[in-house]
1. Pull out all pairs, ordered by first then second residue, where Cβ-Cβ is under 9 Å, the residues are six or more apart or on different chains, the first lies in the range 54-70 and is without any contact (Cβ under 8 Å) to a residue 60 or more places away in the chain, and the second is in a helix (DSSP H, G or I) and within 11 Å of the ligand (Cβ to nearest atom).
2. If you check residue 75 against the conditions, is it free of Cβ contacts under 8 Å to residues at least 40 places away in the same chain, closer than 25 Å to residue 35 by Cβ and in contact with a strand residue (DSSP E or B) (Cβ under 8 Å, 6 or more places away or on another chain)?
3. How many of the residues making up the range 120-134 are crowded, with 19+ Cβ neighbours inside 10 Å and either touching a helix residue (DSSP H, G or I) at 6+ places or on another chain (Cβ under 9 Å) or within 20 Å of residue 252 (Cα to Cα) (or both)?
4. Failed condition for residue 156, given (1) crowded, with 16+ Cβ neighbours inside 10 Å; (2) near the ligand (Cβ under 8 Å from one of its atoms); (3) modelled with pLDDT of 95 or more, with all others met?
5. Would you mention how many residues in the range 163-182 are surrounded by fewer than 17 Cβ atoms within 10 Å (Cβ to Cβ) and closer than 16 Å to residue 193 by Cα?
6. Looking at the range 36-53 only, could you name the residues that are closer than 15 Å to residue 75 by Cα and surrounded by 19 or more Cβ atoms within 10 Å (Cβ to Cβ)?
7. Quickly run through the range 254-268 and pick out the residues that are surrounded by fewer than 16 Cβ atoms within 10 Å (Cβ to Cβ) and touching a helix residue (DSSP H, G or I) at 6+ places or on another chain (Cβ under 9 Å).
8. Quick one: residue 92 ticks every box in (1) surrounded by fewer than 22 Cβ atoms within 10 Å (Cβ to Cβ); (2) within 13 Å of the ligand (Cβ to nearest atom); (3) part of a strand (DSSP E or B) except a single one, so which number is it?
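The values are calculated or read from the model by the stated rules, or taken from the named source; none is laboratory data. Predicted, not measured: the structure shown is a model, and the values here were computed from it. Here the Cβ positions follow ideal geometry from the backbone for every residue, glycine too, while neighbour counts run over all protein chains shown.
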Ligand code: NDP
């Protein structure tokens with residue numbers, strides 16, 4: 001019997017990861033069966049677990065919270081996107097026990113907004129909330145879409161300022177603390193904070209929205225997040241959660257590993273239905 005190609009996602013916690021379902025569905029589109037497992041890795045054990053996975057013939061590894069920075073250090077070569085983000089979410093084996101690191105979060109977000117939702121980034125005023133791993137992963141791909149302005153704000157203003165310094169040569173980027181937001185409005189607001197996970201809302205004035213503002217929360221859940229409810233109360237033109245981003249970043253990883261581009265639409269629909277069914 002032929003052995004199935006082995007893939008996995010490492011994280012902690014990782015029990016609720018949708019990645020096994022997504023990648024299994026992608027492979028089925030091409031008539032293939034793969035083995036994709038979610039593995040809860042103990043803090044400090046990432047490198048050993050990844051070594052074991054690849055030594056056992058693992059073909060690709062996704063990495064989620066809190067290991068994206070360790071995965072960056074673990075990889076021997078990196079894509080320019082991963083290099084800039086300082087974080088890796090996709091590892092591929094190279095010869096000689098080495099490993100290549102990519103970051104597919106930004107491509108996933110941009111593809112979801114443009115291809116799936118039909119939103120525009122070019123010449124728009126964009127606000128990015130948060131300056132953690134997710135924010136740093138998406139800044140480069142967002143700037144490549146040539147927005148009129150990209151403002152990044154964070155609770156700890158110094159972290160936003162660091163990102164601005166790092167990406168300043170790539171486009172019209174500025175940032176700082178939430179007090180910057182008192183006098184501006186934006187066409188697109190992206191929530192890359194983890195505030196929604198705790199049911200919190202960053203301090204956002206209602207005046208941030210204009211007639212055509214779109215609001216995107218990277219988090220996804222059955223019920224709208226507190227940020228999505230805030231957007232609805234302030235009559236945002238369009239509102240979305242991060243389920244499409246999750247599937248699109250997975251599709252990019254799948255392409256890196258297997259050279260095949262899966263259809264994402266049916267998988268997004270399938271996941272949404274599964275989430276709603278509980
Ligand atoms: P990090 O822990 O690296 O960063 C968290 C960020 O949220 C920091 O900027 C932090 O600010 C900010 N924050 C936390 N709590 C609050 C609060 N109460 N008010 C204001 N700001 C707050 O997390 P990640 O960047 O990895 O993830 C962020 C979110 O993106 C998560 O919800 C995650 O699930 C989601 N995500 C979704 C993906 C998808 O495919 N849909 C992919 C990747 C991430 P400070 O610096 O001040 O602490």
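1. Here the result reads 64/19; 66/133, each pair linking the range 54-70 to a residue that is in a helix (DSSP H, G or I) and within 11 Å of the ligand (Cβ to nearest atom).
2. So residue 75 passes the test.
3. Residues flagged as crowded, with 19+ Cβ neighbours inside 10 Å and either touching a helix residue (DSSP H, G or I) at 6+ places or on another chain (Cβ under 9 Å) or within 20 Å of residue 252 (Cα to Cα) (or both) within the range 120-134 amount to 9.
4. The single condition residue 156 does not satisfy is (1).
5. 3
6. 46, 50, 53
7. 260, 261, 263, 265, 266
8. If we test residue 92 against (1) surrounded by fewer than 22 Cβ atoms within 10 Å (Cβ to Cβ); (2) within 13 Å of the ligand (Cβ to nearest atom); (3) part of a strand (DSSP E or B), just (2) comes out false.
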